[in-house]
There are 2 protein chains.
Amino acid sequence: MCGVLRASTTREPVRRLRPRGPLLTAIPREDTLFPGVPAALPARDRHAKECAVSDRAFQDYYPDDVAHCYGCGRLNEHGHRIRSFWDGEETVCRFEPRPFHTASPGFVYGGLIASLIDCHGTGTAAAAAYRAEQRAMDTEPPLRYVTASLHVDYLKPTPLGVVLEVRARIREVKGRKVVVTATLAADGQVTARGEVVAVRMPEEMMQRARAE
Amino acid sequence: MCGVLRASTTREPVRRLRPRGPLLTAIPREDTLFPGVPAALPARDRHAKECAVSDRAFQDYYPDDVAHCYGCGRLNEHGHRIRSFWDGEETVCRFEPRPFHTASPGFVYGGLIASLIDCHGTGTAAAAAYRAEQRAMDTEPPLRYVTASLHVDYLKPTPLGVVLEVRARIREVKGRKVVVTATLAADGQVTARGEVVAVRMPEEMMQRARAE
């Protein structure tokens, strides 16, 4: 079951953000960059359907200026465009690697695993920060997180050809920092564990993003 | 100055491996997947030219069966195909991210930074293991490493549009394990630090790679 964004607990009226650009659902299924290679969308769409509460991922709320991340930016047409959702007290992201995301034949590339944990971690950090402030993700000011440190333990080889599930839990929300732990599973077996220390995006990055 | 592979210290005659498939230099400059986007080859080629001792990277010695890694496999046409070399007691890898490898506009995606440290780390682990056995990298049996754990500290935003330099040092070579520390620099400024614990590739992966 997917969790509910705690908008109902908001105490004060909050200003809603302007629409945040096109949602992932508007992106065509055909990947023009990789002809003949299926895009990784079905797994994400399936999850969105399972989430009757909301079909908007955390990343759908990122301001346009900072929605170009190769891992999780919905506006980066060449990127992974991962999507993360609440599922009770956990968050979840499902992603199907492409056939060429290999470590050795038949197994998933570890750098992709690190990337999924990383971006799902920063997305989870943002969502957790909104929760901590008891407001919905479409309210001002926007909260966007970047990675201060990333740790991944690769427990066993991760098979390619199945949907991967990254689950995260919030360990700590303190000031501008959020610590998130995560597991990555394939076919129900946890193959990697990780920890992300995320911090509020530095003003330098925000300013540059707005200027471009 | 680039270091020398310690072939000269080999004590016993060793059987040379068969040729390991095409070198990176045989790969065309044009990237058919990303028309209009320059490939990341120039930085690597420049480094190869600087290395008068050898223009073969660690990854050029990987057996064909296990040379498909998205990060460092020379046979993965969609991957990063990083190249690593000795430089004295350190190893070095230079890589120019593509324009879409963004975190936010103007800065490099953290997942790519993790991937570079990861793959340069496993390449360094392999090279270190050959050194420890006092034999050249084109001798049997081949040594191939995978990541047991990866840690990255992101010290500051990494600017996009310049060649990144990953430098690694060997902290420990013990049994099937090699521990490598690394820095990543842009324009001479270190922007990330990492540690890779690499282990000899599990037999399960080797067998599957040979079978495919």
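The values are calculated or read from the model by the stated rules, or taken from the named source; none is laboratory data. Predicted model, so just to flag it, every value in this text is computed and none were measured. Methodologically, a virtual Cβ is constructed for each residue, glycine included, from the backbone with ideal geometry; neighbour enumeration extends over all protein chains shown. Side chains included, ligands, DNA and RNA excluded: accessible areas come from the protein's heavy atoms. Shrake-Rupley method; radii C 1.70, N 1.55, O 1.52, S 1.80 Å.
Tabulated values for the structure
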read-out: All positions within segment B:136-178 that are under 23 Å from A:ALA192 (Cα atoms), open to solvent by 10 Å² or more (accessible area, probe 1.4 Å) and within 14 Å of chain A (Cβ to nearest Cβ); value: B:ARG144, B:VAL146, B:THR147, B:ALA148, B:SER149, B:HIS151, B:ASP153, B:TYR154, B:LYS177
read-out: Residues that are at pLDDT below 95, outside any helix (DSSP H, G or I) and either more than 14 Å from chain A (Cβ to nearest Cβ) or open to solvent by 20 Å² or more (accessible area, probe 1.4 Å) (or both), drawn from segment B:40-80; value: B:CYS51, B:ALA52, B:VAL53, B:SER54, B:ASP55, B:ARG56, B:HIS68, B:LEU75, B:GLU77, B:HIS78
read-out: Tally of residues being among the charged types (D, E, K, R), modelled with pLDDT of 95 or more and under 16 Å from the mean Cα position of the chain (by Cα) across segment B:132-165; value: 1
read-out: Cβ-Cβ under 6 Å pairs, at least 6 apart or on other chains, segment B:189-212 side over 21 Å from B:ASP64 (Cβ atoms) and of a type outside the set (Gly, Ala, Ser), far side open to solvent by 40 Å² or more (accessible area, probe 1.4 Å) and assigned to a strand (DSSP E or B); value: B:ARG193/B:ASP153; B:GLU195/B:HIS151; B:VAL199/B:LYS177
read-out: Failed criterion for B:PHE100 (all others in (1) within 14 Å of chain A (Cβ to nearest Cβ); (2) open to solvent by less than 10 Å² (accessible area, probe 1.4 Å); (3) out of contact with any helix residue (DSSP H, G or I) (no Cβ under 7 Å at 6 or more places or on another chain) hold); value: (2)
read-out: Condition met for A:ARG131 (outside any strand (DSSP E or B), away from every other protein chain (no Cβ under 14 Å), in contact with a Ser or Thr (Cβ under 6 Å, 6 or more places away or on another chain) and open to solvent by 10 Å² or more (accessible area, probe 1.4 Å)); value: no
read-out: Selection from segment A:186-206 of residues that are over 25 Å from A:ALA132 (Cα atoms) and either β-branched (Val, Ile, Thr) or open to solvent by 20 Å² or more (accessible area, probe 1.4 Å) (or both); value: A:ASP187, A:GLY188, A:GLN189, A:VAL190, A:THR191
read-out: Flag for B:ALA126 being within 14 Å of chain A (Cβ to nearest Cβ) and either within 26 Å of B:ASP60 (Cα to Cα) or among the basic types (Lys, Arg) (or both); value: yes
read-out: Test: residue in segment A:85-97 that is at pLDDT 95 or above, of a type in the set (Lys, Arg) and not in a strand (DSSP E or B); value: no
